[in-house]
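*Asks:* The following block contains the structure, expressed as structure tokens.
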Amino acid sequence: MQIFTCPFCGPRSETEFHFVGDFPKPRPDGMAKVSAEMWSDYLHNQNNPKGAASELWMHMACHEIFRMDRHTVTHEVTGSYALSSEAQS
Amino acid sequence: MMKKYSALTLFKEGLNNQKGWVPAWRTARPKSRYDVVVIGGGGHGLATAYYLAKNHGITNVALIEKGWIGGGNTGRNTSIVRSNYFYPESAQLYDLALRLYEGLSKDLNYNIMLSQRGMLHLAHSPAEMEIAARTVNAMQINGIDAELCDVEKVRSLVPDYNFSPNARYPVYGGVLQPRGGNARHDAVAWGYARAADNLGVDIIQNCEVQGFIIENGVCHGVKTSLGDIRADRTGMAVAGHSSVLGAMAGFRLPINSYALQACVSEPVKPSLDCVILSPATGTYVSQSDKGEMIIGGGLDRISSYGQRGNLPMLETVIAGLMEMFPSYRQLKLMRQWAGIVDVVPDSSPIIGESPLPGLFLNCGWGTGGFKAIPAGGTLLAHLLATGKHHDISRPFDLDRFTRGRMIDEGGASGIAH
Amino acid sequence: MTAYRVATGGLVDRSKTIRFTFDGKTVEAVEGDTIASALLASGVSIVARSFKYHRPRGVWGAGVEEPNAIVDVSGPVSLTNARATTVLARNGMIVCSVNAAPTAVSDRNAFIDRFARFIPAAFYYKTFMFPTWSLFEPSIRKMAGLGTIVPEGAAVPAADQVNVGCDVLVVGAGPAGLLAALRAAETGCKVILCDDGFAVGGSLLHRSCSIDGMDGRSWADETVARLHALGASVLTRTTAFGIYDHGLVALSQLDAVNGRDRLWRVRPGKVILATGAIERSLPFANNDRPGVMLAEAGLAYLKRYGVAPGRKVVVATNNSVGKATADELSALGISVTLVDSRNGSEIATVNGAKHVESVTLSDGSTITCDAVLVSGGFTPTLHLYCQAKGKLTWDETLQTFVAGAPVPGISVAGAAAACFDIALVVDSVRLALSQCEIDAGNTPASALSLPAFDISPAWPKAGQSGRVWIDLQNDVTAKDIELAARENFVSVEHLKRYTTLGMATDQGKTSNLAGIALMASLTDRSIPEVGTTTYRPPFTPVPFTSLSGARQETMLNPPRRLALEEVHRAMGARLMEYGGWIRPSHYGEGPMEEAAQREALAARESVAIFDGSPLGKIEVVGPQAAELLDFVFYNSMSSLKPGRCRYGLILSESGLVYDDGVVIRVDENRFIVSCSSSHVAGVHTMLESWRQDRFSTDKVFIHNATTAYATVTLSGPKSKAVLEAAGLVIDDATLAHMTTSEVSLGDLAVRVTRVSFTGDRSYEVSVRADQAERLWQLLSESGKPFGIAPIGMEALLILRAEKGYIVIGKDTDGTTLPMDLGMNGPLKSKRVEFSGNRSLLTAEATRPDRPNFIGLEVMDDGGPFAPGAHGIEMTEGRLRSLGYITSSYHSPTLNKPIALALIERGYSRIGDIIEVQHLGARRRARICAPCVFDPEGDRLNG
């Protein structure tokens, strides 16, 4: 059982976390202005690195999304970071 | 020349102290150039090499494997074969595989121990029974054998199942594919390897791909730990590591790599005949000819390239099994392991030319690549030989993601791949 | 006393006799015996038959390494595939050999061994192909397997599961483990010490030595007492079987008495592996005969159980520890002949058909004996080190693999660290502690009693005459390894899989290295070049029940419960699980279908009361709440007026219909999202994801209040009258359809929302969950004069189907787009971004032959269609599905069958007749609009 550290709640069991996506992963807005290829790349393609990965995770207990850096072979977690609360509204 | 396997040769060699057997495949060193290079010595890669030679007469083929053949998911799965799919595209693909499996022992002269004792997918509520009917009808329309089972039929198939009124998930019935079952996974790899080698394919183990030879934007072979190997066309069938090779070739894929765990109990006398899956517990189990219960479940929750089992998913899967078969509480876990699988958004495979021209993909099989090996090999071989899709592989091209034409079996029928 | 029991010595209590049966014959044991020691004491020589050739086999080891003595046990405890060496004998036990019929002594399949030459390793890949494998398979399946599952056998109790942290976990309580645990505990560390034996001590239980002036056993006992005094936990019968991610170590503790086992999930700061070493065999012909056993085991049976391994014993060895074992046996009065390959003397073959009678040495001489104790060297037990990705290195001097570079947080001590000499233990413990950064001071070296370890290689050789066993349980011989090499299965993993070496229940603990060594010599490689197979958990088999723990019946994925469950039960409700909630399917006796018809009709005729509590109630609050909902919903929500409600769809980014529901705008900055009960967690997560991705997190908040409130729904023409009778008078102008209001109902503060899932006038009344019962009683009482009827989910499903309202996941699947449901408006009109918007423009989304949600009329008198039936057509001679029926019922209101379906091009085919197929039978159906009851919607205000 892996231990992940939520920046808000501290170290918790892996079962409390939900994978959100690669970090960063900006959404292409603009409907028809977004090409099918761009949209498909955003929607489907993954970095899926073997080794160091930067990812977004949600801690299901507090529902906060944060960035976690980890190694996908050794499963070592090298850091977890709260995202900036300044949003792009 | 391949020595024929039969009861007679076995008998003769018994009298000959087994001295007359020859290597199942040669230990080949790579040449600098081939017509086709196939990356990945798992079932799909080996089958590809075999069908290139057998179906297309292309024998100047190198199959390269970074470790030992059959050592990836081919040697780590729960050895289930079935074609109980919903969409016609999937039905054609997986039934091609099952039909080839049905003739494979004789085709390869290697007993792959295909054991069609049936695949039973349970339904635990009236709503699941409706979906079971939906699936059975789809399969029958697609020409696949399928039976809608009521609870009595389920009882006759798996008498030791938990039919207690206190069962967490009561049984209402299920979908039975009588032609489903198991095959011996190692034998599939070795049988293809032996037959491909016999047709002239070079099987090169301990040869790791380190990059692609790319000239004018076209793939002309691979750079390996044993040197450059040039080829007109290159195919890759490296489940679990498709993204890693994709990154070397300069493209991303719609794939995440996850560990899929499996485990076996100690061997016991025959107790379970068919393959059975409970969607509610997420656990599936069959009994090997050796007597071990072969148990699988869902993917681990955390994407990973670490080929090892973990505890939370193991506990979940075993808890499911205990609920399904209370008498299996007498059993013990003998061994657990994991394979790394390509998880694709619609859980259907990707077969087709990659974004790098000259490099062709066979990947994205998710949790169920083993059952598709003969089809995956046939279709990738067709692509490599002709440069064009076989009708059956066309819908599984990478372009389906931009077109939005997903083939989402899980979404349609709830039957996971 | 029985045949081989010596008069004194051992840890058994000879005054307490125990009787059990083995293969039907009574065996006399004494308290403290294992099944194996009792069998040996009684002179039971053949305790098992091998897996493949049904060779007679005797007890081989004295612990978890045992490959042969596998038994099924019933009586006071039920055990399948138990190792006789690790189960204490108890009165009344019924012990049966496995894989033998009727008994191990007279096994009717013993003849198979005579055909062994025709069935070498992997023979099955080469034959059984004609006519088909399935012809041969059933009889081969029957031959395979060891123990037997007893379907009606004694229930195995659930195991406890315990999570615990500690500073230091010491695995193995032999001299090294005890010392390491003691030193660590003395520094103030919280220590857990575990050992898979019945008692602590490890080799101290059978090897003579003195430590700190005490004999080994006394020192062990005193050390345990000191550990207890220091607050350490000492767990016996506890195997550390796996080391998992982030340093989690799993321990399996067996409870011999009650069978109530325990799984420990330990998070240690440091792990010290003092797991000892396992002895290996020697390669001579017939080295599998009953009477041949590991030398250390022979000594253990004598010293621990007071059982002599034989009357005239040959000890065959290639190393100094084996010689020391011979010396100890000799000193204890056993007649021992030493055959030490270091002196050039080796056994060529064992003679005797069913038991050792003599051995022939390589020089041709013969020694009469009744037991052969073998010591072919020792293999450190490094499974956990390897599981933790430690890399083994080959030690040519010691002729074994040893731990290589340290793995952070894990160190190795004692025989596991290849210190086979007890004199080295102190230093090895000191090193292990320092690797774990535990400063235990400069503890002085203690006793020593054995000379330094000396070994000469004695691996199986190519072309050896006779049958030399490598893997006992799976019947892998040296010739099988040669065959694998000949056929190019030379990778160690191929070797394993081709020959099944190391794949038995003992996972090759005593045999793997010999097989690897032989493969190395056959292929001109060194042993480390061949390498080992991957070490995987568990170290020894773990009861499934220890892994499943309490997760049985309703403790497995516990379903959610309604606040009103007891009320429903009191009213005769039948309960089923819907979307993870236990809910009433219907009320009263009789078949569910009939009850549902009855309830649905009552709802149409007067008024129904329904528990809608699981419906989502996610509050979205703040100045950006409307914007967030505009993004998450397909339909516009910002244009909604306060106090009003709107139905909408939620799409995934793939454009697929994820959920539907009603959004209530309570006031300018406060919304309630009423999503499907099974999608509450998913919708909550989706809302949070977009909130944090695209919005100011201090301008919009999300609160899931679903379980804080209960919702009781009144539906039917008399629903308004019931509310009035309950004391709530609101006219339709103030509370129109699709509006909401917070009001008082007696002393209950409630929210009343007029939305309808039945097509009739309906009121959803929500109240604090703890007041649910009062609300239900109030409305039920008020409804009595109107014939109010409680309805379950099944009736509701019929009522909504009459209206053509969808149920997500039933009438939609994982491919459904909003346009398939006839909802094109927002895509055309919406001007802001929303989840999944670009996906609605793909080639797939815009193809003209998409499935459409329509109704189907039955054209015959065959009753309702089967849900799951497919519409079909023939295209180019091939049968093809047009889509399928998602819902189908007898409509009680219209008294005719109704059906809903997703059918290709359905909207352009209204009025067309198609064929419908279910389980091969075909019927005709006319495509119609999905709503077949009150299409004008008059009854919403009726």
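*Asks:* Restricting to the range C:570-592, name every residue that is closer than 16 Å to residue C:789 by Cα, open to solvent by 50 Å² or more (accessible area, probe 1.4 Å) and modelled with pLDDT of 95 or more.
*Replies:* C:570, C:571, C:574
*Asks:* So, one more: Can you tell me which residue is nearest to the chain's Cα centre (by Cα) among those in the range C:812-840 that are more than 25 Å from residue B:138 (Cβ to Cβ), within 14 Å of chain B (Cβ to nearest Cβ) and assigned to a loop (DSSP other than H, G, I, E, B)?
*Replies:* Top of the filtered list is C:836.
*Asks:* Something else: So if I check each of B:228, B:273, B:232, which one is surrounded by fewer than 21 Cβ atoms within 10 Å (Cβ to Cβ), in contact (Cβ under 8 Å) with a residue 40 or more places away in the chain, touching a helix residue (DSSP H, G or I) at 6+ places or on another chain (Cβ under 8 Å) and not aliphatic (A, V, I, L, M)?
*Replies:* Checking each option against the conditions leaves just B:273.
*Asks:* Can you name the number of the only condition in (1) of a type outside the set (Asp, Glu); (2) over 31 Å from the mean Cα position of the chain (by Cα); (3) surrounded by 20 or more Cβ atoms within 10 Å (Cβ to Cβ) that residue C:130 fails?
*Replies:* (3)
*Asks:* Right, something else. May I ask you to say which residue of C:164, C:168 is open to solvent by 10 Å² or more (accessible area, probe 1.4 Å) and more than 8 Å from chain B (Cβ to nearest Cβ)?
*Replies:* The match here is C:164.
Every residue, every condition in (1) of a type in the set (Lys, Arg); (2) assigned to a loop (DSSP other than H, G, I, E, B); (3) more than 20 Å from residue B:67 (Cα to Cα); (4) out of contact with any Pro (no Cβ under 9 Å at 6 or more places or on another chain), yes or no:
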{"residue": "C:466", "(1), (2), (3), (4)": "no, yes, yes, yes"}
{"residue": "C:470", "(1), (2), (3), (4)": "no, no, yes, no"}
{"residue": "C:474", "(1), (2), (3), (4)": "no, yes, yes, no"}
{"residue": "C:480", "(1), (2), (3), (4)": "no, no, yes, no"}
{"residue": "C:496", "(1), (2), (3), (4)": "yes, no, no, yes"}
{"residue": "C:510", "(1), (2), (3), (4)": "no, yes, yes, no"}
{"residue": "C:538", "(1), (2), (3), (4)": "no, yes, yes, yes"}
{"residue": "C:545", "(1), (2), (3), (4)": "no, no, yes, no"}
{"residue": "C:557", "(1), (2), (3), (4)": "no, yes, yes, yes"}
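*Asks:* Look through the range A:68-88, keep the residues that are more than 11 Å from residue A:51 (Cβ to Cβ), open to solvent by less than 80 Å² (accessible area, probe 1.4 Å) and assigned to a loop (DSSP other than H, G, I, E, B), and return whichever of them is modelled with the highest pLDDT.
*Replies:* A:75
*Asks:* If residue C:395 satisfies every condition in (1) assigned by TED's automatic domain parsing to the domain that holds residue C:172; (2) in contact (Cβ under 8 Å) with a residue 40 or more places away in the chain but one, which is the exception?
*Replies:* (2)
*Asks:* Is there a residue in the range C:905-912 that is open to solvent by 10 Å² or more (accessible area, probe 1.4 Å) and within 14 Å of chain B (Cβ to nearest Cβ)?
*Replies:* no
*Asks:* Right, next: Which of the residues belonging to the range B:319-329 are part of a helix (DSSP H, G or I) and either surrounded by fewer than 22 Cβ atoms within 10 Å (Cβ to Cβ) or in contact (Cβ under 8 Å) with a residue 24 or more places away in the chain (or both)?
*Replies:* B:319, B:320, B:321, B:323, B:324, B:326, B:327, B:328
*Asks:* Something else about it: How many residues, within the range C:236-251, are more than 14 Å from chain A (Cβ to nearest Cβ) and outside any strand (DSSP E or B)?
*Replies:* 2
*Asks:* Let me ask you something else. If a residue counts only when it is out of contact with any Gly (no Cβ under 6 Å at 6 or more places or on another chain) and within 14 Å of chain C (Cβ to nearest Cβ), which strands (runs of 3 or more DSSP E) contained entirely in the range B:330-417 have at least 3 such residues?
*Replies:* B:332-343
*Asks:* While we're looking at this one, here's another question. Among the residues of the range C:52-101, which ones are in a strand (DSSP E or B) and either on the phi > 0 side of the Ramachandran plot or aromatic (Phe, Trp, Tyr) (or both)?
*Replies:* Once the filter is applied, which keeps residues that are in a strand (DSSP E or B) and either on the phi > 0 side of the Ramachandran plot or aromatic (Phe, Trp, Tyr) (or both), the range C:52-101 yields only C:81.
*Asks:* Return yes or no: is residue B:34 out of contact with any Gly (no Cβ under 7 Å at 6 or more places or on another chain) and at negative phi?
*Replies:* Spelling it out, residue B:34 is indeed out of contact with any Gly (no Cβ under 7 Å at 6 or more places or on another chain) and at negative phi.
*Asks:* Sticking with this structure for a sec: Name the strands (runs of 3 or more DSSP E) wholly inside the range B:108-202 in which the number of residues that are more than 8 Å from chain C (Cβ to nearest Cβ) and open to solvent by less than 20 Å² (accessible area, probe 1.4 Å) is 2 or more.
*Replies:* B:119-123, B:173-177
*Asks:* Is it the case, given these coordinates, that residue C:321 is in contact (Cβ under 8 Å) with a residue 12 or more places away in the chain and part of a strand (DSSP E or B)?
*Replies:* no
*Asks:* Another question, then. Do you know which residues across the range C:873-899 are within 14 Å of another protein chain (Cβ to nearest Cβ) and touching a helix residue (DSSP H, G or I) at 6+ places or on another chain (Cβ under 6 Å)?
*Replies:* Once the filter is applied, which keeps residues that are within 14 Å of another protein chain (Cβ to nearest Cβ) and touching a helix residue (DSSP H, G or I) at 6+ places or on another chain (Cβ under 6 Å), the range C:873-899 yields C:879, C:881, C:884, C:887, C:889.
*Asks:* Could you grab me the full set of residues in the range C:841-863 that are hydrophobic (A, V, I, L, M, F, W, C), more than 9 Å from every other protein chain (Cβ to nearest Cβ) and surrounded by 19 or more Cβ atoms within 10 Å (Cβ to Cβ)?
*Replies:* C:853, C:854, C:856, C:858
*Asks:* Report yes if some residue within the range C:42-52 is among the charged types (D, E, K, R), closer than 21 Å to residue C:254 by Cβ, in contact with an Asp or Glu (Cβ under 6 Å, 6 or more places away or on another chain) and open to solvent by 30 Å² or more (accessible area, probe 1.4 Å); otherwise report no.
*Replies:* No - not one qualifying residue is present in the range C:42-52.
*Asks:* Out of C:145, C:92, which single residue is within 9 Å of chain B (Cβ to nearest Cβ), in contact with a Pro (Cβ under 9 Å, 6 or more places away or on another chain) and of a type in the set (Gly, Ala, Ser)?
*Replies:* Selected residue: C:145, the only one of C:145, C:92 that is within 9 Å of chain B (Cβ to nearest Cβ), in contact with a Pro (Cβ under 9 Å, 6 or more places away or on another chain) and of a type in the set (Gly, Ala, Ser).
*Asks:* So residue C:534 ticks every box in (1) surrounded by fewer than 24 Cβ atoms within 10 Å (Cβ to Cβ); (2) touching a Leu at 6+ places or on another chain (Cβ under 9 Å); (3) within 11 Å of chain B (Cβ to nearest Cβ) but one. Which box is left unticked?
*Replies:* (2)
*Asks:* While we're looking at this one, here's another question. Checking residue C:118 against (1) surrounded by 21 or more Cβ atoms within 10 Å (Cβ to Cβ); (2) over 30 Å from the mean Cα position of the chain (by Cα), which single condition isn't satisfied?
*Replies:* It fails just one condition, (1).
*Asks:* Would you list the strands (runs of 3 or more DSSP E) that sit entirely within the range C:684-755 and hold 3 or more residues that are in contact (Cβ under 8 Å) with a residue 24 or more places away in the chain and either within 14 Å of another protein chain (Cβ to nearest Cβ) or hydrophobic (A, V, I, L, M, F, W, C) (or both)?
*Replies:* Strands (runs of 3 or more DSSP E) meeting the threshold: C:701-704, C:709-715, C:748-753.
*Asks:* Next up: In the range B:282-307, what count of residues is obtained for those that are out of contact with any His (no Cβ under 8 Å at 6 or more places or on another chain), assigned to a loop (DSSP other than H, G, I, E, B) and either surrounded by fewer than 24 Cβ atoms within 10 Å (Cβ to Cβ) or β-branched (Val, Ile, Thr) (or both)?
*Replies:* Of the residues in the range B:282-307, 6 are out of contact with any His (no Cβ under 8 Å at 6 or more places or on another chain), assigned to a loop (DSSP other than H, G, I, E, B) and either surrounded by fewer than 24 Cβ atoms within 10 Å (Cβ to Cβ) or β-branched (Val, Ile, Thr) (or both).
*Asks:* Still on this structure, I have one more. Which count do you get for residues in the range C:610-626 that are open to solvent by 10 Å² or more (accessible area, probe 1.4 Å) and acidic (Asp, Glu)?
*Replies:* Within the range C:610-626, residues that are open to solvent by 10 Å² or more (accessible area, probe 1.4 Å) and acidic (Asp, Glu) number 1.
*Asks:* Just to be sure, is residue C:238 over 29 Å from the mean Cα position of the chain (by Cα), open to solvent by less than 10 Å² (accessible area, probe 1.4 Å) and modelled with pLDDT of 95 or more?
*Replies:* It is false that residue C:238 is over 29 Å from the mean Cα position of the chain (by Cα), open to solvent by less than 10 Å² (accessible area, probe 1.4 Å) and modelled with pLDDT of 95 or more.
The values are calculated or read from the model by the stated rules, or taken from the named source; none is laboratory data. Just so you know, these numbers come straight off a predicted model, no measurement behind them. Counting neighbours? That spans all protein chains shown, and the Cβs are built from the backbone with ideal geometry, glycine included. These area figures cover heavy atoms from the full protein model, side chains too; ligands, DNA and RNA do not enter into them. Shrake-Rupley method; radii C 1.70, N 1.55, O 1.52, S 1.80 Å.
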